[in-house]
Amino acid sequence: MESFLTEVQVKVLDLRKKGHTQDEIAKKMGTSRANISMIEKRAKENVEKARNTLSIYSDIIAPSRIVIPEGTDVFEIPKIVFSKSDEDEIHVRYTSLEIMEFINQNAKKYIRNRFVKEPFIVTIMQTGEIYITSIDSESSDYENNMLK
């Protein structure tokens, strides 16, 4: 399968995920720790670029985007999502509770004491999936912030 990662980058990331230190990986691969550090850094940069690419593409094809303004009670967010999805004739496949859990897990940095402290965007895909992006960066951790 084609990827933005080289085979070496995949191997280094896999070994790091398994708990190996950069020094251990360097010895195993017959190279320096500094080289492993650079390989890992470039791999993470490539992953971030791929995520940003997915985010941009998803924003292009996404039929619904909702700005959740500062001061919004988080308990109102599912109602806002369902209202917008009804308006756009998209069936959101989740209950209010599932949306609340998703918001709690993926939008914590935007919320304080049950209220939105910093506006963010909820995107509703044609498939009924939703994800969260920042207004400032217009980028997202697409894979991590998507409710599937």
**OP:** Specify which of the listed residues (Ser83, Ser64) is at negative phi and either acidic (Asp, Glu) or touching a residue at least 12 places away in the same chain (Cβ under 8 Å) (or both).
**Re:** Ser64
Subject >> Scan of the range 102-135 for residues that are over 20 Å from Asn52 (Cα atoms) and either in a strand (DSSP E or B) or in contact (Cβ under 8 Å) with a residue 60 or more places away in the chain (or both), ordered by number >> reply: Ile111, Arg112, Phe115, Val116
**OP:** Could you list all residues from the range 86-101 that are free of Cβ contacts under 8 Å to residues at least 24 places away in the same chain and either outside the structural domain of Ile68 (by TED's automatic domain parsing) or of a type outside the set (D, E, K, R) (or both)?
**Re:** Thr95, Ser96, Leu97
Original post:
Can you pull out the helices (runs of 4 or more DSSP H) entirely within the range 1-78 that have at least 2 residues that are in contact with a Lys or Arg (Cβ under 8 Å, 6 or more places away or on another chain) and either surrounded by fewer than 17 Cβ atoms within 10 Å (Cβ to Cβ) or at pLDDT 95 or above (or both)?
Top reply: 7-17, 22-29
Subject >> Filtered residues of the range 14-33 (kept if acidic (Asp, Glu) and within 20 Å of Val47 (Cα to Cα)) >> reply: Asp14
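The values are calculated or read from the model by the stated rules, or taken from the named source; none is laboratory data. A quick note: this is a predicted structure, and the numbers were derived from the prediction, not measured. When we count neighbours, we look across all protein chains shown, and the Cβ atoms used for this are built from the backbone with ideal geometry, even at glycine.
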